[in-house]
Structure formats: structure tokens, C-alpha cells
């Protein structure tokens, strides 16, 4: 017979998570938006909708879950797959783990991570990584308790998507026409200034202005 201490553990009993699919897209986007707002990450609605839709349709890219407390959806988790020789091949990254503020301190995050660890073992994934903000001491403490260890490295990133350049043509009558093209690779620093100067010297360039956007 299983012994009991008589102590109630309601925090552990309410956790549930289900693998998300395309039907969950709208609900997931609400949580993603809340997560981005919380971490002060720029939220590009259409870009994120497209990327999340691709992830939900292609299990080779990763897994997505909706986290529940009882019957209520209270957060989400996203796991993406990679490959790293340091970890003997397949590795995975928890790119997003979000619990609505009013449902924190209920051990939902730690239970979700344990579920993700089990998924990684089933898939033969050798290492699990995540990133955390430097000032999020509470989250760092949780991850250490769960066995994560930091590296003496600084993650840096660069956008590899081509830049979208809009050429705005101004006529003497005040009419404005916009043409769109791509620049790849993206000019950086003095190279960008040189690119703009070269294009300003082209025949017919008078009355043009340029607007660069990342795709």
C-alpha cells in the first residue's frame, strides 16, 4: 500500500499538456504574443503566423504543446530540432516556454520540461538546450534545479533572410510609385552607405528614395 504523508499537492495534480496541431494555431498565437510582450521581443504577426503554421505541419522540425491547468489552457511550449557534433548528433532547443502569470508557481513549467525531456529520449535526442534572459533569475534557478548547466558562451545571431528594398519614385506632380525588390546578401555598415550612393548615381535616380526592410 502506498504511504501518504497526508499533505495535499494540488499544484502537481492540475498539469496537463497536449500536442498541438494546425487547429490550435489561433490559441497558440495568443500565447506567443503574450510571451513576446513579456520578454519585450518584437512581434511580427504575419511572419510568426506563417512560421508557426509551418512548424505545426512538419513534425521533422519540432514539437508544439498547449499547457493546461485543469481544463484551462494557460501556456505553451515549443521545441525545435537541430544537429550538433558536440552532443553526438541530434539536439533540441526549447525556444519558447510560457505560462500565464496568474498560473505560475504551480510547478507547471518544471512538469512541462520533464515531459519534453521524455519526448527527447523517445526520439533519440542527446541534448536539450534553452535560452533565458540574463535578468530572469527566477527562471535560471528553476532550470538549474532541473539539471541545466550554463556554458561560458554568449549566443549571437544574424538574420540570413534577404533585405527587401522598396524604391519609391517621386514625380514632379507629386505622384508616388513603389517598386519592391530583394538585396542578398544584406549590405552592412559602410557597405550599405556605398550601395545607396552607387544607386543614387544611376541614370534616372533623381526623385528616388529607398526603404530597406528585413524580410
I want to check the label-to-label distance for residue 123 and residue 86. Put each point 7 Å from Cα in the C-beta direction and report it in nm to one decimal. 2.0 nm
Percent of all alpha-carbon pairs of segment 49-99 at distances over 18 Å, whole number, is 41 percent
At what distance in nm do the modelled label points of residue 58 and residue 27 sit from each other, each positioned 7 Å from its Cα along Cα→Cβ? 2.5 nm
Kirkwood hydrodynamic radius, computed over distinct alpha-carbon pairs, for segment 79-157: how many Å, to one decimal? 13.7 Å
So what is Rg over Rh here for segment 30-74, counting just Cα atoms and using Kirkwood for Rh? 1.01
Whole-angstrom Cα spans of segment 10-145 along principal axes, big to small: 40, 36, 30
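No lab work stands behind these numbers, since they all come straight from the coordinates. Just so it is clear, the structure is predicted and the values come from calculations on it, not from any experiment. Methodologically, a virtual Cβ is constructed for each residue, glycine included, from the backbone with ideal geometry; neighbour enumeration extends over all protein chains shown.
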